[in-house]
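Note sheet for the following structure.
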Amino acid sequence: MLLIGLGMGMIVLGFLLVFIGILLGASSGESDVEGGGVIMIGPVPIVFGTGRGATLAMVLAVLLMVLWIAGILLARRG
């Protein structure tokens, strides 16, 4: 029950942080927006986005894919 409460709290905190970021960005008058993300479907990463963050996300996605495959192979051996 504790883990469920912590998970729900983290989700609410994430929504609040995004909302605060949107409000701060709108109040500063900046209109330069960059964003992106990674969707992992099994070991296959799908990376999308603009700017330097997309490159970092791609590198991290490949690293996660390699770690996932290594974990599967180690689990089958041991």
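Readers should treat all values here as calculations from the given coordinates under stated rules, not as data from a laboratory. Because the structure is a prediction, the values reported are computed rather than measured. Here Cβ is always computed from backbone atoms with ideal geometry, including for glycine, and neighbour counts include all displayed protein chains.
Can you pull out the chymotrypsin sites (Phe, Trp or Tyr not before Pro) in the chain that DSSP calls coil and that have at most 13 other Cβ atoms within 10 Å?
Answer in residue order: no site qualifies.
By how many degrees, between 0 and 90 and to the nearest 10, does the Cα long axis of helix 52-77 differ from the longest principal axis of the chain?
Once rounded, one gets 30 degrees.
For every helix of n ≥ 4 consecutive DSSP H residues, a contribution of -39,500 (n - 2.57) applies; sum these over the chain, divide by its total residues, and give [θ] at 222 nm rounded to the nearest 500 deg cm²/dmol.
Using -39500 (n - 2.57) per qualifying helix, the result is -24000 deg cm²/dmol.
Please turn the phi angles of the stretch 5-16 into ³J(HN,Hα) values with the Karplus equation 6.51 cos²θ - 1.76 cosθ + 1.60 (θ = phi - 60°), one per residue in order, whole Hz, x for glycine and proline.
Per-residue couplings from phi come out as x, 5, x, 5, x, 5, 5, 5, 4, x, 4, 5 Hz.
Calculated from the structure, Cα Rg over 2.2 N^0.38 Å equals which of (1) 1.44; (2) 1.33; (3) 1.52?
Looking at Cα Rg over 2.2 N^0.38 Å for this model, the match is (3).
Normalising by the residue count of the chain, find the relative contact order in percent from Cα pairs under 8 Å and 6+ residues apart.
So the answer I get is 19 percent.
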